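See structure below.
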Amino acid sequence: DTGVSQNPRHKITKRGQNVTFRCDPISEHNRLYWYRQTLGQGPEFLTYFQNEAQLEKSRLLSDRFSAERPKGSFSTLEIQRTEQGDSAMYLCASSLYSATEAFFGQGTRLTVV
Amino acid sequence: KQEVTQIPAALSVPEGENLVLNCSFTDSAIYNLQWFRQDPGKGLTSLLLIQSSQREQTSGRLNASLDKSSGRSTLYIAASQPGDSATYLCAVSSDKSSGTYKYIFGTGTRLKVLA
């Protein structure tokens, strides 16, 4: 098992375009989390899944953001009509169960120009 | 609402020093607390996980303690090395009252170990 994998690692997009990120969790981990991190800040929670069910979404996750985890395996995070304020590092994490150790991917750095 | 604070925000020490990083949280109803390391532009690497029933965990030169009743955790790094230079983040798994398990992070301590 190679850990949590995120693709792409970097994404530069023009304002108004849609972008999609992918996260492949550690196999058999049923919890998957998305976080956003801006420079100098700690990660902020966006949403999490237990298997394929999305159990909680942060108020940070506006209508332009959507996340899916079909079949409880990989997950995608889509941002529609990107804005410059969406520029950040998007981090994915997985854990075997609730309240167990969380493992993070290397993140996707999004730059909106 | 759970809030996590880390002090100091930045720390610079000479190689070989023992050091302590502090983390405090406002709601003691946590499931666990996890310490992470983050190198610039990279993801987070898990260092230590302390369950709410535990008092401390050790891994190599790292020792983390948890005092849930006072809402505090410390990360002790022994014999610091330049390779320890990174940002250290503390996260609590919360909120026990609502049954959610998301991690709430502090803003981190930026550590620089000078050779």
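Every number in this text was worked out from the coordinates using simple rules, so none of it is lab data. The shown structure was predicted, so the numbers you read here are calculated from the model rather than taken from an experiment. In this analysis, Cβ positions are derived from the backbone assuming ideal geometry, glycine residues included, and neighbour counts consider all displayed protein chains.
Whole number please: convex hull volume per residue, Cα atoms of region B:13-86, in Å³. Don't skip to the answer; put the middle values down first.
Values: hull volume 7.2 nm³, N = 74.
Dividing the Cα hull volume of region B:13-86 by its residue count gives 98 Å³.
Can you tell me the order of B:45-51, B:55-61 when each peptide is scored by its average per-residue count of other Cβ atoms within 10 angstrom, highest first?
Ranked by mean Cβ neighbours within 10 Å, highest first: B:45-51, B:55-61.
Calculate the dipole size of chain A relative to its Cα centre from +1 charges on Lys and Arg beta carbons and -1 charges on Asp and Glu beta carbons; express the result in debye to the nearest 20.
460
Near B:K42, which lysines are there with a Cα under 20 Å away, not counting those fewer than 8 places off in the same chain?
Within reach: A:K11, B:K112.
When the convex hull of the C-alpha atoms of the protein assembly as shown is computed, what volume per residue in Å³ does it have?
120
Three principal axis extents, largest first, for the C-alpha atoms of region A:63-113, in Å?
So the extents along the principal axes, rounded to whole Å, are 37, 22, 15.
Of A:L110, A:V4, B:I104, which is farthest on the positive side of the dipole of the protein assembly as shown, counting Cα position, with +1 on Lys and Arg Cβ, -1 on Asp and Glu Cβ, and the Cα centre as origin?
Farthest towards the positive end: A:L110.
Select from A:Y97, A:Y48, A:Y33 the residue whose mean-square fluctuation is largest in a Gaussian network model of chain A (Cα-Cα springs shorter than 10 Å).
Ranking A:Y97, A:Y48, A:Y33 by mean-square fluctuation puts A:Y97 first.
Could you list B:I7, B:I30 in order of exposure, starting from the residue whose Cβ has the fewest other Cβ atoms within 10 Å?
B:I7, B:I30
How far, in nm, would the chain grow between A:L60 and A:K14 when pulled straight, counting 0.36 nm per residue and subtracting the alpha carbon separation?
That pair, A:L60 and A:K14, stretches by 14.4 nm at full extension.
Among the aspartates and glutamates, which fall within straight-line cross-link reach of A:K71, defined as a Cα-Cα distance under 17 Å, with same-chain neighbours fewer than 8 residues apart omitted?
Answer for A:K71, where 17 Å is the Cα cut-off: A:D24, A:E28, A:E52, listed by chain and number.
To two decimal places, what compactness ratio does chain A give when its Cα radius of gyration is scaled by 2.2 N^0.38 Å? Walk me through the numbers on the way to the answer.
On the way: Rg = 13.2 Å, N = 113, 2.2 N^0.38 = 13.3 Å.
Taking the Cα Rg and dividing by 2.2 N^0.38 Å, one obtains 0.99.
Give me the percent of DSSP beta bridges within chain B that run antiparallel, rounded to the nearest 5.
Beta bridges within chain B, antiparallel portion: roughly 90 percent.
Relative contact order of chain A: what whole-number percent is it, with Cα pairs under 8 angstrom and at least 6 residues apart?
Here the relative contact order equals 37 percent.
Using the crude model of +1 on Lys and Arg Cβ and -1 on Asp and Glu Cβ, and no other charge, please compute the dipole size for the protein assembly as shown relative to its Cα centre, in debye to 20.
Around 520 debye, computed over the protein assembly as shown.
Cut-off under 15 Å on the C-alpha distance; same-chain residues fewer than 8 positions from A:K57 excluded. Which aspartates and glutamates are left, in chain and number order?
Result set, ordered by chain and number: A:E44, A:E68, A:E78, B:D95.
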